[in-house]
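Reading through the structure tokens given below for one structure.
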């Protein structure tokens, strides 16, 4: 029988989730949460830019929990811990792309609430995405050829101009004057889930860390940047370069550097890989590149599908996992099971 899934939110990631659940042979979309009032009562397929699916979006949290789905695919812009606790206590498994890998970035109190709720309800909570998430699992898999590991780096370098989420970039501090003293703290808070990924990778490698460090710098727009979904004035931050590092004896063992840019006129102007570069220093050393190539259909890249598919493919394993918080290294190898051409998809 297909697993019954509720999609929580229909933004960039959530819309991709609706489409993927609807087309997955082992999943069934049974409910959809609407963050804004203007989406209430509308068909989830319509909101996701596909055919009507016969599932109406609602803001009624109790009604969606009352559906008793096997899993909720949780993809809001920012998480609501009270909602997550209610889901888990009701025995509903949750797969999240909303700033969750280990829960460290949520703080000790909320992490304890979530773990306790999951165990009371007999449910599992798992967080993933493209990065953090899949790219970190890819790096861990790559260490499997090494006799010794001295450093692991997962470098995300992306022209994010087409990721039309002003709320995301404003939360990071982009669009503010580049010398605004609030910028580093904003960027740190918004990207703190990457410290979860550092922690998860260290746990998988059985490598205790001394500390997790963070640094960031910003690029200023050299002219006004019109993005359609937001405007960045000259002299304001339009790019950021940052790194979360897991340190041992003052040296990085795990590094997660990130470059995000909006528009094409900035100083400094960092080169962009438009992908993910995995580097492992050790015996032997390993270098891999992940480049995601979208169809050239005139609509631009669908960044939502990059993020949501690692979550979609994890649903069956999370439903089968023991209650509590589940880490990526505890799950089977992530793969697109059941949706290959040989599967009739």
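The values are calculated or read from the model by the stated rules, or taken from the named source; none is laboratory data. Everything quoted here is computed from the prediction, not taken from an experiment. Cβ: placed from backbone, ideal geometry, glycine included. Neighbour counts: every protein chain shown.
Grab the strands (runs of 3 or more DSSP E) fully contained in segment 63-176, keeping just those with 3 or more residues being within 15 Å of the chain's Cα centre (by Cα) and under 30 Å from residue 220 (Cα atoms).
On the way: elements: 71-74, 93-96, 124-127, 148-159.
The qualifying strands (runs of 3 or more DSSP E) are 148-159.
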Checklist entry - Taking segment 15-26, which residues are buried (at least 22 other Cβ atoms within 10 Å of the Cβ) and touching a strand residue (DSSP E or B) at 6+ places or on another chain (Cβ under 6 Å)? => result 17, 18, 21
Checklist entry - Exactly one of (1) within 27 Å of residue 2 (Cα to Cα); (2) crowded, with 24+ Cβ neighbours inside 10 Å; (3) in contact with a strand residue (DSSP E or B) (Cβ under 6 Å, 6 or more places away or on another chain) is unmet by residue 119. Its number? => result (2)
Checklist entry - How many residues are in contact (Cβ under 8 Å) with a residue 40 or more places away in the chain and not in a strand (DSSP E or B) when one looks only at segment 238-254? => result 1
Next on the checklist: Just to be sure I understand, how many residues within segment 205-236 are crowded, with 16+ Cβ neighbours inside 10 Å and either within 16 Å of residue 163 (Cα to Cα) or outside the structural domain of residue 148 (by TED's automatic domain parsing) (or both)?
Outcome noted: 4
